[in-house]
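The values are calculated or read from the model by the stated rules, or taken from the named source; none is laboratory data. Here the structure is a predicted model, which is why all the values come from computation and not from measurement. A quick note on method: Cβ atoms are made from the backbone with ideal geometry, for glycine too, and the neighbour counts reach across all protein chains shown. Keep in mind that these areas ignore ligands, DNA and RNA; they rest on the heavy atoms of the full protein, side chains included. Shrake-Rupley method; radii C 1.70, N 1.55, O 1.52, S 1.80 Å.
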Amino acid sequence: MPSKKAKKAAPPSMGPLLAILALLTGLFASVIYMIDQHADNFYIFDPSELHNLSQRAIAAHGEDMHGIKDYIVSELSAKHPDHVNVGEEWFFNNAGGAMGGMFIIHASITEYLIIFGTAVGTEGHSGRHTSDDYFNILRGTQLAYSLGSFEPEVYPAGSVHHMHRGDVKQYKMPEGCFALEYARGWIPPMLFFGYADGFTSTLDVPTLWMTTKISAREIIGNLLKGKI
């Protein structure tokens, strides 16, 4: 007898997969919402205190960035010994078309604190972030441009450029400029902006590895200490 043709298997239903994805998305969104509503309980740094610290460091050391850096890190490590990275590990960062050097003083789920800058100048896109960003100028000047404005915003040494979450600007460091940058809010989504140029433009694998290694070490290390 002629063999009957085997019936084609029905394609697997996407329903269960979509349901699982919807459930995970809902749980993730709920966690983010809960963290955001109680974020003040997780912060260990204060923007006004960091601004004051930056001004005192400048008053003590002028334009000597080595002295300014040591002054800031020393005071912060004395105040927050379990959450400040005293190992000075500099690496490049390319983001939004701008390039500079940075080292991470603190990184966790809700905060990061870095020294970022360049000795030769740079310019780029600020990014549109899920956190408030406080750019405390330590040396040099930063310029910023907001849509609809016809004049630059000028931030000299000792000032702070506060960008609210969701804001976006063009910024420029026309010459050498360094800053103590503090972000508070939901930090992980900011990493996509920090990695984008490395994957699509510079292809600088050692820098990508350093960024990943140090960021992960600090974030996970703080989580293990109960710091979200």
Can you tell which of Ala22, Leu180, Gln170 lies farthest toward the positive end of the dipole of the chain, using +1 and -1 charges on the Cβ of basic and acidic side chains (Lys, Arg; Asp, Glu)? Ala22
The percentage of Cα-Cα pairs in the chain separated by more than 32 Å is 27 percent
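Once the other residues with Cβ under 15 Å from the Cβ of Thr207 are scored (Lys, Arg +1; Asp, Glu -1), what is the net sum?
Working: positive: Lys213; negative: Glu89, Asp197, Asp204.
Residues near Thr207 contribute -2 overall.
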Let me understand the range 148-205 better: what is its radius of gyration from the alpha carbons, and its Dmax, in angstrom? 14.2, 39
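Taking the chain, how many lysine pairs are there with alpha carbons less than 19 Å apart, if each pair must be eight or more places apart or span two chains?
Numbers: Lys69/Lys79; Lys79/Lys225; Lys79/Lys227; Lys213/Lys225; Lys213/Lys227.
Lysine pair count for the chain: 5.
Specify the longest stretch of the chain that does not include any exposed loop site, a site being one of the chymotrypsin sites (Phe, Trp or Tyr not before Pro) with a non-H, G, I, E, B DSSP assignment and at most 12 other Cβ atoms within 10 Å. Don't skip to the answer; put the middle values down first.
Numbers: sites that count: Trp90, Phe150.
Longest run free of exposed loop sites: 1-89.
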If one takes the longest principal axis of the Cα atoms in the chain, at what angle in degrees, from 0 to 90 and to the nearest 10, does the Cα axis of helix 47-61 lie? 40 degrees
Can you tell me the length gained on complete extension of the stretch Val120 to Ser146, counting 0.36 nm per residue apart and subtracting the Cα distance? 7.0 nm
7 Å from Cα along Cα→Cβ at both Asp167 and Val154: what's the point-to-point distance in nm? 1.9 nm
Pop out the carbon and sulfur fraction of the accessible area of the range 67-149 as a percent, whole number, probe 1.4 Å. 56 percent
What is the helix-to-structure angle for 15-37, meaning the angle in degrees between its Cα long axis and the longest Cα principal axis of the chain, kept from 0 to 90 and rounded to the nearest 10? 20 degrees
